[in-house]
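Student: Okay, handing you the structure first.
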Amino acid sequence: MEADVTVIGSGPAGLTAALHAEKSGAKNVLLLEREEELGGILKQCIHNGFGLEQFKKDYTGPEYAERLIGETEKTNVRCFLNTMVTGVAPDRTITAVNPEKGVFQIESKSVVLAMGCRERARGSINIPGTRPAGVYTAGVAQRFVNIDGYLPGKEVVILGSGDIGLIMARRLTLEGAQVKGVYEIMDYPGGLKRNIVQCLNDFNIPLYLSRTVTEIRGKERVEGVVVSRVDDTMQPIGGSEEFISCDTLLLSVGLIPENELSIGAGVELSPTTKGPITTETMETSVPGIFCCGNVSTVFDLVDYVAQTGISAGGNAARFSAGAPEKDKRTVEVIPGENVRMLFPQRYCFEDNLILFIRSAEPFERAVRIDISPLGLRIKRPYARPNEMIRVKVPKEKLKDVTGPIEVNIRES
C-alpha cells in the first residue's frame, strides 16, 4: 500500500493533521487508529472547554471530536480503525496490523506521528506499601466513569494536581463519591488555574501542597494511605505522617509522550519533553517524519494541540509533493534563565516561530520573555510552570539570525 501522507493516531492532533494534509494538496492521506472509533482521548473528556480558539465554540470533548470527524468524512482521507502500528522505519515504511488485512505495510512519502501521551503509573513513582485493588491513574478512572459507567470508588484520595486529576475530583464528587483531598508534592499546583477554581474550590475539595503519599495500606482493597509533608528536596519529613482512610487512590502525577514508534524510526528525542526534537514545521530529525500534539510535548490546551496538527499536516503534504527546501539553515532554540521547557527546539527559517514555554518556577508578578539575539521583550502578568506561555515570533524578524535563539524569563 502507498500513501502521500500517513497520520498515526486520530485524536485532536491526528484528525487536524489529516484534514490539513488534504487541504494542503495531498491526494492520498491515510489515518490509522488503533481503537474502534476515531477521536482518541476526546471521547472520554465530557467536560467543556474544547475548540475555543480553533472553532470559536465551547465544545465538550465528544462534541469537538464529532466536529473534526464530520469534517474528515467530507474529505477523501481514508481511515483505518482497529489498526495497530507496530513500527515506523526511517524510510517511512509503516508496519501495521488489523483484523481485515492482518500484517501489512504502507510506503508513505511522509508520516505524521500523533499518538498522544500516556500517564505515569504507580510503578514510575515507587510508592511503598501493599498492592491492593483500588489504585488507578486518573485517566483510567475517567474512562470507567464517562465511557463504561463504573464508579471506581466511594472515598477517594488523589495524588498529584494535574488537570485530569482535578477534573476527576469534580466528576467523582458529582457522581456521589467523597474526594478527601488532592495532594501535590510540589509547592505549587500542577494544573491550570481555571481547573483549580472550577473543580476544587467550587466543590470545597481541599488541595494540599508539599505533600505526597508515602504508603498504601490494604489487603484485597485499598483501606487508606499515609500522607507525609515533604521538604525543599521533596523528601518526606519524618513525624509528619497522617493516615487518610479511603478505598481508592487516583494518580495524576504526569504525562509522557508515547515515543516507542518515534524511537523505532530513529527520531532524536528531547531529554526535557521526552518527545521528538522538532523544528517550527513539526518535522523531526528524520526527514519526512513529522509529529504533532502531545506526542511532541504535553500541552495544556487542545487549541495548542490543534495548532501543531495544522502545521504538521500542511508541511507533511508539502514534503510528500517533493517541494524543494527553501533554506537549509537550522539553528537551535534553547532554554535560558528560568525556562524549564521550550518547544520547538530548532528553527529552520520556513515559517513563523511559535514558542511554547514553561517557567522553571512560579512568578506571581509581572515578567518579560527575553528572546535573544533578537532583542525581543514580551511582557506577561505572571509565569507559572503549570500554564504554558505561547509567543509568536514573525519569520521576518528571524531572517538574519545565524546562531542559537535563547529564551529567558525575567522579572519585569
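Student: Can you confirm whether residue 243 is at pLDDT 95 or above, in a strand (DSSP E or B) and assigned by TED's automatic domain parsing to the domain that holds residue 4? Working first, answer last.
Tutor: Values: at pLDDT 95 or above: yes; in a strand (DSSP E or B): yes; assigned by TED's automatic domain parsing to the domain that holds residue 4: no.
No: the conditions fail for residue 243.
Student: I would also like to ask the following. Taking into account only those residues within segment 228-263 that are closer than 30 Å to residue 286 by Cβ and without any contact (Cβ under 8 Å) to a residue 24 or more places away in the chain, which is nearest to the chain's Cα centre (by Cα)?
Tutor: Filtering first and then ranking leaves 260.
Student: Could you please find all residues in segment 175-234 being under 24 Å from residue 154 (Cβ atoms), in a strand (DSSP E or B) and among the polar types (S, T, N, Q)?
Tutor: 178, 212, 214
Student: Anything in segment 52-65 that is part of a helix (DSSP H, G or I) and under 19 Å from residue 23 (Cα atoms)? List them, or say none.
Tutor: 65
Student: A follow-up question, please. Condition test on residue 49, is it outside any helix (DSSP H, G or I), surrounded by 18 or more Cβ atoms within 10 Å (Cβ to Cβ), outside the structural domain of residue 164 (by TED's automatic domain parsing) and on the phi > 0 side of the Ramachandran plot?
Tutor: Here the answer is yes, as residue 49 does meet what is asked.
Student: Taking residue 149, is it farther than 30 Å from residue 385 by Cα, in the same structural domain as residue 91 (by TED's automatic domain parsing) and free of Cβ contacts under 8 Å to residues at least 12 places away in the same chain? Please lay out each step first, then the result.
Tutor: On the way: farther than 30 Å from residue 385 by Cα: yes; in the same structural domain as residue 91 (by TED's automatic domain parsing): no; free of Cβ contacts under 8 Å to residues at least 12 places away in the same chain: yes.
No, not satisfied.
Student: Follow-up question, since we're still on this one. I'd like the residue in segment 30-41 that is touching a residue at least 60 places away in the same chain (Cβ under 8 Å) and in contact with a strand residue (DSSP E or B) (Cβ under 8 Å, 6 or more places away or on another chain) and, out of all such residues, is farthest from residue 119 (Cα to Cα).
Tutor: 30
Student: While we're looking at this one, here's another question. Within segment 188-223, which residues are under 24 Å from residue 174 (Cβ atoms) and among the polar types (S, T, N, Q)?
Tutor: 195, 198, 201, 204
Student: Looking at residue 98, is it out of contact with any strand residue (DSSP E or B) (no Cβ under 6 Å at 6 or more places or on another chain), without any contact (Cβ under 8 Å) to a residue 40 or more places away in the chain, of a type outside the set (Asp, Glu) and within 30 Å of residue 26 (Cβ to Cβ)?
Tutor: On the way: out of contact with any strand residue (DSSP E or B) (no Cβ under 6 Å at 6 or more places or on another chain): yes; without any contact (Cβ under 8 Å) to a residue 40 or more places away in the chain: yes; of a type outside the set (Asp, Glu): yes; within 30 Å of residue 26 (Cβ to Cβ): yes.
Answer is yes for this residue.
Student: When residues of segment 54-82 are filtered for being of a type outside the set (Gly, Ala, Ser) and in contact with a Leu (Cβ under 8 Å, 6 or more places away or on another chain), how many remain?
Tutor: 13
Student: Of all residues in segment 79-94, how many are within 25 Å of the chain's Cα centre (by Cα) and either of a type in the set (Gly, Ala, Ser) or part of a strand (DSSP E or B) (or both)? Let's see the steps before the verdict.
Tutor: Filtering segment 79-94 down to residues within 25 Å of the chain's Cα centre (by Cα) leaves 79-90, 92, 94.
So of that shortlist, the ones also either of a type in the set (Gly, Ala, Ser) or part of a strand (DSSP E or B) (or both) come out as 79-80, 84-89, 94.
Residues that pass the stated criteria total 9.
Student: Test residue 286 against the criterion of being at pLDDT 95 or above, out of contact with any Phe, Trp or Tyr (no Cβ under 9 Å at 6 or more places or on another chain) and within 22 Å of residue 5 (Cα to Cα), and give yes or no.
Tutor: For residue 286, the condition - at pLDDT 95 or above, out of contact with any Phe, Trp or Tyr (no Cβ under 9 Å at 6 or more places or on another chain) and within 22 Å of residue 5 (Cα to Cα) - is met.
Student: Determine if segment 318-333 includes at least one residue that is surrounded by fewer than 22 Cβ atoms within 10 Å (Cβ to Cβ), closer than 28 Å to residue 120 by Cα, touching a Ser or Thr at 6+ places or on another chain (Cβ under 8 Å) and at pLDDT 95 or above.
Tutor: no
The values are calculated or read from the model by the stated rules, or taken from the named source; none is laboratory data. Computed from a predicted structure; not experimentally measured. As a convention, Cβ positions derive from the backbone with ideal geometry for all residues, glycine included, and neighbour counts pool all protein chains shown.
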